[in-house]
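> Before anything else, here's the structure in question.
The values are calculated or read from the model by the stated rules, or taken from the named source; none is laboratory data. Note that the structure is a prediction, hence the values are computed from the model and not measured. Cβ placement follows ideal geometry from the backbone for every residue including glycine, while neighbour counts extend to all protein chains displayed.
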Amino acid sequence: MFWKRKETAAAPVNTGATPTAEVKPSAAKVEAPPQPKAEKPKVDKLPGPTLIPGFVGKHLIAEFKVDPALVPVLNAVVRKSPKAEKLFDCRIFDKSEVEASEVRIKDYMSLDEHPELILYEGWFDEGSKRVQLEEKRKVAYDVQIFTETEIWQRIVGLSEPGSTVFFYLAGSPSSGGPLGRGAAVVEPNPNYPGPKQKRYILYTANVMGMQPIGKGTKFFESNSSKEMAKWIKDRHYKRMW
C-alpha cells in the first residue's frame, strides 16, 4: 500500500542578497507652465538742466524786463506735456543760486522739494514758439554797483563791535546773489589791537534771498581799509555770466 506524499511549499532559497522594498509607481510630477514676467511700465527719463531756449529768453526780456546779458546765466528744466506733441512744462532757475543752496537739481521733479529756487514756471511750445510763464520770485539783478571810494567809506564807517557791511560779488569762491558769486562781508576785528591782530576781517559768503548766509568763510585780514576796498571793487561789477 502506497501512502500519498503530502506536498509542502518550497522554502525560499537564501542567496545572501538584501531584500528590497516593493517600489510602487508614483504619480507623474506635473510642472506648472512658466508665467510671463510682468512688464514694468516704461517711464521716460527726464532731461537735466539746460540753457533756456532762445525764444523763451526773448519772452523773459519782453515780458519780465530781464536784462539780455543775464538770460545766459539762467537754466531751465523741462518735462514733456501730454497735451501736445511739442509742448513742454518748464521751470527756470539761477544756477548760481542753486550752487549757493547746495541743492542738486537733477531734473524737473527735483524742484518739487525746493520751490523757493524757482524764478519762473510755466510752459512753452517748440512748434508754435508760444510761451506762458509766471514769475514765482523776484530777484533784483539790477543792484547798485559801488565805486571803490563808496566801498571804502562804508568800511571805515564800521565802528561798533559786531557791525558788518557786505557787497555783492561777481568774482569769488562763493555763489548766489544778484552778481552771481556771493558777497564780501567785512567786520572790524573784535580782537584788535591784540597781538598779531589786524583791524579788519573780510569773509566771502554765499547769498540766498539777497542776504549773505552768515559771515561765510574768512578770506583775509588787513589793517588797510583801502586795500580791502580795492580787493572788493576788483570783484564787484555787473554780472556777465
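> I'm trying to understand the selection: among the residues of region 203-216, which are over 23 Å from residue 119 (Cβ atoms) and either hydrophobic (A, V, I, L, M, F, W, C) or exposed (fewer than 14 other Cβ atoms within 10 Å of the Cβ) (or both)? Quick ask: steps written out before the conclusion?
Let us first name the residues in region 203-216 that are over 23 Å from residue 119 (Cβ atoms), namely 203-204, 214-216.
Of everything in region 203-216, just one residue is over 23 Å from residue 119 (Cβ atoms) and either hydrophobic (A, V, I, L, M, F, W, C) or exposed (fewer than 14 other Cβ atoms within 10 Å of the Cβ) (or both), namely 214.
> Within region 61-101, count every residue that is touching a residue at least 12 places away in the same chain (Cβ under 8 Å) and either closer than 22 Å to residue 173 by Cα or out of contact with any Phe, Trp or Tyr (no Cβ under 7 Å at 6 or more places or on another chain) (or both). Walk me through how you get there before you give the answer.
Going residue by residue through region 61-101, those that are touching a residue at least 12 places away in the same chain (Cβ under 8 Å) are 63-64, 66-67, 69-81, 84-101.
Restricting the remaining residues to those that are either closer than 22 Å to residue 173 by Cα or out of contact with any Phe, Trp or Tyr (no Cβ under 7 Å at 6 or more places or on another chain) (or both) gives 63-64, 66, 69-76, 84-86, 93-101.
So the count comes out to 23.
> Looking only at region 173-188, decide whether some residue is surrounded by fewer than 16 Cβ atoms within 10 Å (Cβ to Cβ) and either of a type outside the set (D, E, K, R) or at pLDDT below 95 (or both).
Yes - at least one qualifying residue is present in region 173-188.
> Need pairs with beta-carbon distance below 6 Å; first residue in the same structural domain as residue 209 (by TED's automatic domain parsing) and within region 152-181, second part of a loop (DSSP other than H, G, I, E, B) and of a type in the set (Lys, Arg); sequence gap 6+ or separate chains.
As it stands, the answer is 169/235; 170/239; 171/235; 172/235; 179/239; 180/239, since those pairs meet every condition given.
> Go through region 123-148 and report how many residues are more than 26 Å from the chain's Cα centre (by Cα) and hydroxyl-bearing (Ser, Thr, Tyr).
2
> Among 79, 104, which is the only one that is within 20 Å of residue 48 (Cβ to Cβ) and under 16 Å from the mean Cα position of the chain (by Cα)? Can you show your working first?
Working: 79 fails: under 16 Å from the mean Cα position of the chain (by Cα).
Exactly one of 79, 104 is within 20 Å of residue 48 (Cβ to Cβ) and under 16 Å from the mean Cα position of the chain (by Cα), namely 104.
> If you take the residues of region 120-144 that are touching a Lys or Arg at 6+ places or on another chain (Cβ under 6 Å) and surrounded by 12 or more Cβ atoms within 10 Å (Cβ to Cβ), which of them is nearest to residue 63 (Cα to Cα)? Even if it seems obvious, please write down each step before you answer.
Residues of region 120-144 touching a Lys or Arg at 6+ places or on another chain (Cβ under 6 Å): 121, 125-127.
From the residues that got through so far, the ones that are surrounded by 12 or more Cβ atoms within 10 Å (Cβ to Cβ) too are 121, 125-126.
Numbers: 121: 14, 125: 17, 126: 18 Å.
By that ranking, first place goes to 121.
> Same structure, new question: Check region 81-103 and report whether any residue there is exposed (fewer than 12 other Cβ atoms within 10 Å of the Cβ) and part of a helix (DSSP H, G or I). Explain how you work it out, then say what you get.
Taking region 81-103 as the starting set, the residues that turn out to be exposed (fewer than 12 other Cβ atoms within 10 Å of the Cβ) are 82-83, 85, 102.
Filter again for part of a helix (DSSP H, G or I), leaving none.
No: zero hits.
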